[in-house]
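These notes concern the structure reproduced below.
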């Protein structure tokens, strides 16, 4: 999914809220005041904070942080849909993760959020003919965040990747809007065929920890995949599936991604 057609508009100033949270955190924990100033408080916009934070994390001895910062700013400036999706992802984390009680927490500390945003920029690089750099940063993200997302994979907005470790997404996978995914999930191929070979995940889906969804199959809107399941065939909308191989186990809730109920 591309992000430009998906709009998420909080009814408050998200950026100023994040600044106020960072100011309060710096006052409460002086040891982190320098970090919070460098990462948030000296910047004047959410896109610059994101570009700085990601470039700091993904830089290396052979990839200068400043050069990477400029690349990220270019992507965010060129495609306004990216920062709109970033805001939706922040709201998704705040609304769905009971451990997230401030909007600044995903931006500063949640590697699942970082991995998703790094991929959004990698996808921009891929679509703009910079595939070599996109591959390099895919590899770097896998080293730093413990995820492996092919730069060509298409993501919607309002995504929450909880914990993130072990998340794998193949080249032709697509994710819709307002999806929640736990750690260890694979959206992979089946066999060694080329072409369109990865899953298509509809809006509102929740995928439990360590589930594997394999092949060019459709996971219908507002469905739920139970933890540890192996899905190798289409899943109907509003359906819960579980098991190896996964089979229908009843009707899913109206919005599984928002409810985050892991029970079957």
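Every read-out reported here was derived from the displayed coordinates using simple, explicitly stated rules and does not represent laboratory data. Keep in mind it's a predicted model, so treat the numbers as computed, not measured. With ideal geometry, Cβ positions are generated from the backbone for all residues, glycine too; neighbour counts draw on all protein chains shown.
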Return an integer: the convex hull volume of the alpha-carbon atoms of the chain, in Å³ per residue.
-> 124
Inverse of <1/r> over all distinct C-alpha pairs of segment 166-221, i.e. the Kirkwood Rh in Å, gives 11.1
So residue 251 and residue 210, fully extended at 0.36 nm per residue minus their Cα-Cα distance, gain in nm 12.6 nm
Based on Cα positions only, what radius of gyration and what Dmax would you give for segment 76-147, in angstroms?
-> 13.1, 40
State, to one decimal in nm, how far the label point of residue 131 lies from the label point of residue 259, with both points 7 Å from Cα in the Cβ direction.
-> 4.3
Compute the FRET efficiency between residue 109 and residue 192 as 1/(1 + (r/R0)^6), taking r as their Cβ-Cβ distance and R0 = 35 Å, and round to the nearest 0.05.
-> 0.35
Taking r as the C-beta separation of residue 102 and residue 227 and R0 as 30 Å, the FRET efficiency to the nearest 0.05 is 0.65
Neighbouring Cβ atoms within 10 Å as the yardstick, rank 171, 21 fewest first.
-> 171, 21
Subtracting the Cα-Cα distance of residue 154 and residue 32 from 0.36 nm times their residue separation yields 40.4 nm
List, largest first, the extents of the alpha carbons of segment 1-147 along their principal axes, each in whole Å.
-> 43, 37, 27
Translational D in µm²/s for segment 170-264 (Stokes-Einstein at 37 °C, 0.692 mPa s, Kirkwood Rh from C-alpha pairs) = 260
Would you give the gap between the C-alpha center of segment 233-257 and the C-alpha center of segment 32-63, rounded to a whole Å?
-> 40
